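Bear in mind that the values in this text are calculations on the coordinates, not laboratory data. Please read all numbers here as calculations on a predicted model, not as lab measurements. In this analysis, Cβ positions are derived from the backbone assuming ideal geometry, glycine residues included, and neighbour counts consider all displayed protein chains.
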There are 2 protein chains.
Amino acid sequence: MADTKRPHIVVVGAGFGGVKVAKGLAELPVDVTIIDRNNFHVFQPLLYQLSTSELDENEIAYPIRAFFRNTKNVRFFMAHAEDFDTENKVLITDHGDVHYDYLVLAAGAMTNFFGMESVAKHSFGMKTLQEAVAIRNHVLRMFENATKCEDAEERRRMLTFVCVGGGPTGVECAGALSELIYGVMAHEYHDLDFSEAKVVLVEAMDHVLAMMPDELQQETIRVLHDIRKVDVRISTQVMDYDGEELKLKDGSSIPTKTVIWAAGVKAVSFVKKLGAETDRAGRVVVEKTLQVKEHPEIFAIGDCANFMQDGRPLATVAPVATQQAEVCVQNIKKLLKDPNAKLSEFTYKDVGAMATICRGHAVVAMGSMKMRGFFAWVAWMVVHLMRLAGTYTNLTVAYKWFWNFLFGLRLGRVINDTEMQDIR
Amino acid sequence: MADTKRPHIVVVGAGFGGVKVAKGLAELPVDVTIIDRNNFHVFQPLLYQLSTSELDENEIAYPIRAFFRNTKNVRFFMAHAEDFDTENKVLITDHGDVHYDYLVLAAGAMTNFFGMESVAKHSFGMKTLQEAVAIRNHVLRMFENATKCEDAEERRRMLTFVCVGGGPTGVECAGALSELIYGVMAHEYHDLDFSEAKVVLVEAMDHVLAMMPDELQQETIRVLHDIRKVDVRISTQVMDYDGEELKLKDGSSIPTKTVIWAAGVKAVSFVKKLGAETDRAGRVVVEKTLQVKEHPEIFAIGDCANFMQDGRPLATVAPVATQQAEVCVQNIKKLLKDPNAKLSEFTYKDVGAMATICRGHAVVAMGSMKMRGFFAWVAWMVVHLMRLAGTYTNLTVAYKWFWNFLFGLRLGRVINDTEMQDIR
């Protein structure tokens, strides 16, 4: 790719932002390389449904190459971006160096354990497809193990599931786990006493869903507690976790073999190697034009970028990434025409926030409009179905949700990491 | 489970035979335990579609407990059956001993490499979900690696896919691989020269699909070769494989990084520990009543049993297992009423054979009726859809096939075994 005469634009990351940038540059007289360590794009907002056996891998993972089937100036390069040689405009990957004229960092975020190593070691993050599948396998295995366990204390430990973090991921995961346990497992594990099972949601602040108005925060806690039997613990901080006991700051602890950590994210660590200014979460600080300071040829968007607006960095959510992708594409087009062009400045247009709590219950806040309950849940489903990649998936996920709604089956309950012993 | 007063029937294996036996014993005054090392039932005839990215895990794997949701006398025990203590009527598993009054061995088969250790080490079997996923990941990775490889010889090696064995699995897999390569990959790997790609089908005998009439065997080879560009090599025997070169008996070799071994099966190895008479493929020789010789309390059915009919052992196919399951249930019911009852003798009613070659082409032989081409293919699809577990799957697989037929997308192209490095 080094001997090409056309400008080469390299996009790191095939999430919402990266895919949109590459699509935006299609059919231009440039060569585009989109790099990802996986060969698929993941619909991250529904990872929690994979981890709770509601959806399957294929329904939220989409082959990256399928996006660019008919756009021959975009090539996919499956590799792990590792470092930069900005002087020579080279991105260093585990599959060799890639020269760029313009570089777009859309590398995303990973779980932030805030330096708590034992927590990181024993609990589950939920930012990748592989992590979500690991949670699914572990949760299902806990039930199988519980049926074989004659020690009541140990059995309760197996059947206690803790989500840490009261953001959308933690709330949605806690609600979905509760549905899985009381709505599905309780019908099929005839030997288990489901009063021994418990879902706990732990949040350090005194509220959940920080981006929501107060009354929807209250509603969320009410539905989780009253309808879904989730033990919601706000103003509760995690101190340590050894795989058996989750230790809290107030001195108490929760015996559990399952901690799902959704309490924070940070930029993927490789972006630090750029040497540019980063914030506490490792995100690259960008100009209003989305360019990295002192590197006008490098843009950063989405979860790995820190864009200040109204005195605060924008949240790490999909709409920020997709809106930034549009401005990023505009600015690259301007630079291609004239390297000294005046670039567009990005402003995030708030599209509101939504979170589903459980079947039939969601909360939606858009500007001054607030919704809760069944119609908010339908709105949540419609928005997520529309955003899923590919028409096939739009239809099949709708069908699966409808089926799960009717029969509560959760057919995704497949433990696929059993050892391969004795198969040959 | 030891202190129960009701007769305890233990079924090993939740394949076609085992699930049918457990269902047949539901609602009787007995306790049934069905044991499997996985928590799911696999629709083995479509494993090749998982390995070629046509279908996803969920579409051919069904949670075992979902079969027995409303049958409270059947419990599922996830464990690996390891040995027998027939004197005390105990099955030994990796999760403890299980006492039985009657034992049904429906443990299935695994790949038979006929003692060729290096072949076993470097090639892929395709009898389990995990193996099929491993093939999928490997095949997809070969294409990604090929785009990065500048050595033409090495690239051809990566793009050469060999199926060994001309039975239904080998034929179907070769046809599906060819479709994947020329119908899907060729549209998305713009940098690759697909004249470098090749699918080879190797069979030791002088024909494929041994159970089919001669003209359908010829038709199969013709379609594979003329329409699907598969290099069909009959009368060709494999000698060795080191992961790079597949050595053949005639002294030639095929440079390839992918060998899918579908040339034979044998009973899972644990059934040998019973100490009863077994055949060369490790299958337990059973009486006409499906009882194991000298063990009237133990039945064996399906792929792990050797049942002689017309002087030959029955084939290891699903209809044999399901028909045997019916007679096995009848005989257990008789024994429960009267331990000295005269038991039913099994006779296999041939339901014919069918194999799909590729989109629009299949061969079907039922008695004197022979079909080929498009209508045979539709018949193949209808039969397989009807047999899939669960109404949800019946519909969704039909929908996916239709979608793949229209657009040739193969959305299952997800490499899900990438390393988890740098996600925390």
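Net charge dipole, the protein assembly as shown: roughly 1940 debye, given to the nearest 20, about the Cα centre with Cβ charges of +1 for Lys and Arg and -1 for Asp and Glu. Set the Förster distance to 51 Å, then compute FRET efficiency between B:ASN394 and B:PHE114 from the Cβ-Cβ distance, nearest 0.05. Calculated value: 0.85. Estimated at 0.36 nm per residue, the fully extended path between A:GLU326 and A:ALA379 surpasses their Cα-Cα distance by 16.6 nm.
As a rough footprinting exposure proxy, the listed residues B:SER178, B:SER344, B:SER195 were ranked by other beta carbons within 10 Å of their own, and the order from fewest upward is B:SER195, B:SER344, B:SER178.
Amide H to amide H, with H built 1.01 Å from N, A:ILE357 comes under 5 Å of A:ALA362, A:VAL363, counting only residues 5 or more places away or on other chains. Loop-located trypsin sites (Lys or Arg not before Pro) in the range B:305-382 (DSSP state other than H, G, I, E, B) with a sparse environment of at most 13 neighbouring Cβ atoms within 10 Å: B:LYS342, B:LYS349.
Taking chain B as a Gaussian network of alpha-carbon nodes connected by springs under 10 Å, the highest mean-square fluctuation of the residues B:GLY412, B:GLY115, B:GLY13 belongs to B:GLY115.
Evaluated with a Cβ-only charge set (Lys, Arg +1; Asp, Glu -1), the range A:117-263 carries a dipole of roughly 260 debye about its Cα centre, given to the nearest 20. Checking every one of the GluC sites (Glu not before Pro) in the range A:62-157 against DSSP loop status and a limit of 13 other Cβ atoms within 10 Å picks out A:GLU150. Coordinate range of the alpha-carbon atoms in the range B:204-291 per principal axis, descending: 47, 36, 20 Å.
Rounded to the nearest whole Hz, the Karplus-based 3J(HN,Hα) values (6.51 cos²θ - 1.76 cosθ + 1.60, θ = phi - 60°) of the range B:102-115 follow the sequence 10, 10, 10, 8, 10, 7, x, 10, 9, 5, 10, 9, 6, x, with x at glycine and proline.
Paramagnetic label reach from B:LYS349 (point 7 Å along Cα→Cβ; backbone nitrogen cut-off under 14 Å): within the range B:359-403, residues B:367.
What you get for chain B, charging only the Cβ of Lys and Arg (+1) and of Asp and Glu (-1), is a dipole of about 1280 debye around the Cα centre.
Shown in residue order for the range B:195-205 are the 3J(HN,Hα) couplings computed by the Karplus curve 6.51 cos²θ - 1.76 cosθ + 1.60 at θ = phi - 60°: 6, 7, 8, 7, 10, 10, 10, 10, 9, 6, 7 Hz (x for Gly and Pro).
Across identical copies of the chain, A:GLU297 has label-point separations of 8.0 nm, listed in ascending order, with the point defined 7 angstrom from Cα along Cα→Cβ.
Among the listed pairs A:LYS266/A:LYS400; A:LYS148/B:LYS288; B:LYS229/B:LYS257, give every one whose C-alpha distance is greater than 28 Å. Going by Cα-Cα distance, A:LYS266/A:LYS400; A:LYS148/B:LYS288 fall outside the 28 Å limit. Could you tell me whether the protein assembly as shown comes out rounded, prolate or oblate from its Cα gyration tensor? Rule is a ≥ b ≥ c as square roots of the eigenvalues, rounded for a/c under 1.5, then prolate if a/b exceeds b/c, otherwise oblate. Judged from the Cα gyration tensor, the protein assembly as shown comes out oblate (a/c at least 1.5, b/c at or above a/b). Distance from the Cα centroid of the range B:82-98 to that of the range B:269-294 is 17 Å (rounded to whole angstrom).
A cut-off of 5 Å between modelled amide H atoms, ignoring neighbours fewer than 5 places along the same chain, links A:PHE124 with A:VAL259, A:ILE260, A:TRP261. If R0 is 35 Å, the Cβ-Cβ spacing of B:SER253 and B:ASP279 corresponds to a FRET efficiency of close to 0.60.
A dipole drawn for the range A:117-263 from +1 and -1 charges on Cβ atoms has a positive end, and of A:VAL164, A:VAL223, A:MET205 the residue lying farthest that way is A:VAL164.
Exceedance of the 29 Å cut-off in Cα-Cα distance is limited, within the set A:LYS72/A:LYS334; A:LYS293/A:LYS337; B:LYS20/B:LYS198, to B:LYS20/B:LYS198. By the compact-protein rule of thumb, 2.2 N^0.38 Å, the alpha-carbon radius of gyration of chain A corresponds to a ratio of 1.02. Ascending distances from the A:PHE114 label point to its copies in the other chains, with the point 7 Å along the Cα-to-beta-carbon line: 6.3 nm. Here the relative contact order of the range A:117-263, from alpha carbon pairs under 8 Å that lie six or more residues apart, stands at 33 percent. Simple rule: put +1 on each Lys or Arg Cβ and -1 on each Asp or Glu Cβ in the protein assembly as shown, find the dipole, and look at B:TYR100, A:PRO45, A:LEU388; the Cα lying farthest toward the positive end is A:LEU388. Taking all Cα pairs closer than 8 Å and separated by 6 or more residues, the relative contact order of chain A comes to 18 percent.
In this structure the amide hydrogen of B:VAL285, modeled in the peptide plane, comes within under 5 Å of the amide hydrogens of B:GLU277, B:THR278, B:ASP279, B:ASN306, none closer than 5 places in sequence on its chain. Helix content alone sets the calculated 222 nm mean residue ellipticity of the protein assembly as shown: runs of n ≥ 4 DSSP H residues at -39500 (n - 2.57) each, divided across all residues, give -9000 deg cm²/dmol.
Full extension of the segment from B:ILE227 to B:GLU150, taken as 0.36 nm per residue of separation minus the current Cα-Cα distance, would add 24.7 nm. Residues in the range B:88-97 carry Karplus couplings, in order, of 9, 6, 10, 9, 9, 10, 6, 10, x, 7 Hz; the curve used is 6.51 cos²θ - 1.76 cosθ + 1.60 with θ = phi - 60°, and Gly or Pro positions show x. Taking only the C-alpha atoms of the range B:211-256, Rg followed by Dmax gives 13.3, 36 Å.
When you work out D = kT/(6 pi eta Rh) for the range B:117-263 at 20 °C and 1.002 mPa s, using the Kirkwood radius from C-alpha pairs as Rh and the Stokes-Einstein form, the result is 139 µm²/s.
Each copy carries a label point for A:ASP226 at 7 Å from Cα toward Cβ; from one copy, the others' points are 7.2 nm away, ordered from shortest.
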